[in-house]
């Protein structure tokens, strides 16, 4: 799905050709990305980066070549959960992404600044431009899947991603809180305006298991992901618990060691329903 | 308070004037506090709502400006989602919660709360500025700004053009989160906006069945973080159904949480008076 003018929010006031079909850069000539998946939510802190990370790891384990584009420029989580502290490199053809221990390619603004907690105090146009460059100027090479970890909101970055990156499918992450559902619906409606193809909804933080009595605690209320997916007319991929083990491994930069039966079911469903037939040749 | 000296764009700015915006002449807002994090989903809006309640309990007049234009949470948290903003000759009239907190949020201007706001930065920042100068807040002791995630347009506009007396930073006990919160603190420091302290949310949870305290995030680096950032801890809040239900329909109270919040409010007021 290349973003077309009909899906563009400024179609009526736009005077000419959109920069969505520019000439290929050197980096793009050296890359072949077969499938681009955007992980979106609208709401912050529901687990977009965790889901992106788990998805990358699962696809890598199945033998696919995977890259992650961290589009959350002012609040990047991806390098931390993969334990990457090295800086991104570049040559005359473009930016060389970092590579994890297991071979997942990553690009994030935090790989380009001196200290990970230096703030990036930039306005929208510069942030959007950078995200576009992560697509055009990074030498991704041969990739089966490029996952885009979107920031919260429906502002500059998601607009630019939908307008200028050929996203094949969107996965949306939600939590059982009604408040989160309301904001997630905004993001889904936005993606629909760009004619996005939804691979499905994942409900994160559905429950916590008490380590003492093993009871299932539904901290954010009754899980309703299936209903939400149905309401938004997108496939439901499954629910995930709040897992202290995931938080621990993420903080330690070892998300590649995480294994979750629940997530394996989700990825299987995703492959059966969408990815198995959705990959463009 | 923001001035050109601390502005990140001072070297290539052509404006001869300070970019502070004038407030609505009818407004008498005594103190402005911004609740920020940098990270999403840590509880900025919940903390904003709780602090507003805490200030209200002290007999003060309070308003909340919801600066999260694309992901607003305040109208639901304060149960005013069905109300609509009206206009008057003094400016837009904020809606009022049952207990008397004045609220301005983009969702109160939308016919449907689920409608997305697909705007780029300048328009979003413009809306936040208008919530300050085109709203008739009237007489307020405290206005709380509920910031969106990130250190982009809204954060920059608010820090450059509004008279912030102090910021409260919200974090959770995860290394990954505190790294992003540190970005916001460093931004505030660069912009010379005082940071009052940290509220740690989701510190622990209580199992409703066995009442055992569960640490979801096994991170105990909070004291190290506080000393590195040279900041005080204002409160530690639990993750509990009652707080999650703040966004629900029924009336809300939680003695343990409110006691913690009252103490935080006292610390904030002391900081601002000094």
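The values are calculated or read from the model by the stated rules, or taken from the named source; none is laboratory data. Computed from a predicted structure; not experimentally measured. As a convention, Cβ positions derive from the backbone with ideal geometry for all residues, glycine included, and neighbour counts pool all protein chains shown.
Remarks
- Yes/no for residue A:149 being closer than 27 Å to residue B:158 by Cβ and touching a strand residue (DSSP E or B) at 6+ places or on another chain (Cβ under 7 Å): yes
- Residue in the range B:167-178 that is touching a residue at least 12 places away in the same chain (Cβ under 8 Å), facing chain A (nearest Cβ under 7 Å) and touching a helix residue (DSSP H, G or I) at 6+ places or on another chain (Cβ under 9 Å) present: yes
- Of A:127, A:159, A:188, all but one fail to be more than 30 Å from residue A:244 (Cβ to Cβ), out of contact with any helix residue (DSSP H, G or I) (no Cβ under 7 Å at 6 or more places or on another chain) and at the interface with another protein chain (Cβ under 10 Å from one of its Cβ atoms); the exception is A:159.
- Residues of the range A:164-180 that turn out to be over 13 Å from the mean Cα position of the chain (by Cα) and surrounded by fewer than 22 Cβ atoms within 10 Å (Cβ to Cβ), as a count: 3
- Every residue from the range B:166-209 that is in a loop (DSSP other than H, G, I, E, B) and within 28 Å of residue B:256 (Cα to Cα): B:172, B:173, B:174, B:201, B:202, B:203, B:204, B:207, B:208, B:209
- Residue check for residue A:133: more than 9 Å from chain B (Cβ to nearest Cβ), over 13 Å from residue A:40 (Cβ atoms), surrounded by fewer than 23 Cβ atoms within 10 Å (Cβ to Cβ) and touching a strand residue (DSSP E or B) at 6+ places or on another chain (Cβ under 9 Å): yes
- Matching strands (runs of 3 or more DSSP E) fully within the range B:80-147 where at least 1 residues are within 14 Å of another protein chain (Cβ to nearest Cβ) and either within 12 Å of residue B:69 (Cα to Cα) or in contact with a strand residue (DSSP E or B) (Cβ under 7 Å, 6 or more places away or on another chain) (or both): B:139-146
- Looking only at the range B:70-79, and only at residues there that are touching a residue at least 40 places away in the same chain (Cβ under 8 Å) and more than 23 Å from residue A:159 (Cα to Cα), the one that is nearest to the other protein chains (Cβ to nearest Cβ): B:76
- Of all residues in the range A:190-207, one or more are under 29 Å from residue B:78 (Cα atoms) and in a helix (DSSP H, G or I).
- Residue A:183 being within 13 Å of chain B (Cβ to nearest Cβ) and closer than 24 Å to residue A:24 by Cβ: no
- The listed residue being surrounded by fewer than 24 Cβ atoms within 10 Å (Cβ to Cβ), more than 9 Å from chain B (Cβ to nearest Cβ) and at pLDDT below 95, out of A:209, A:239, A:218: A:209
For every residue, the table says whether it meets (1) within 9 Å of the chain's Cα centre (by Cα); (2) crowded, with 23+ Cβ neighbours inside 10 Å; (3) part of a helix (DSSP H, G or I).
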{"residue": "B:45", "(1), (2), (3)": "yes, yes, yes"}
{"residue": "B:48", "(1), (2), (3)": "yes, yes, yes"}
{"residue": "B:52", "(1), (2), (3)": "no, yes, yes"}
{"residue": "B:63", "(1), (2), (3)": "no, yes, no"}
{"residue": "B:69", "(1), (2), (3)": "no, yes, no"}
{"residue": "B:72", "(1), (2), (3)": "no, yes, no"}
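- Residue ID - farthest from residue B:206 (Cα to Cα), chosen from residues in the range A:221-230 that are in a loop (DSSP other than H, G, I, E, B) and more than 12 Å from chain B (Cβ to nearest Cβ): A:224
- Some residue of the range B:25-35 being at pLDDT below 95 and either buried (at least 18 other Cβ atoms within 10 Å of the Cβ) or within 13 Å of chain A (Cβ to nearest Cβ) (or both): yes
- Checking each residue of the range A:101-109 against the condition of being within 14 Å of another protein chain (Cβ to nearest Cβ) and crowded, with 21+ Cβ neighbours inside 10 Å gives at least one match.
- Every condition in (1) touching a helix residue (DSSP H, G or I) at 6+ places or on another chain (Cβ under 8 Å); (2) facing chain B (nearest Cβ under 8 Å) is met by residue A:45 except one, and the failing one is (1).
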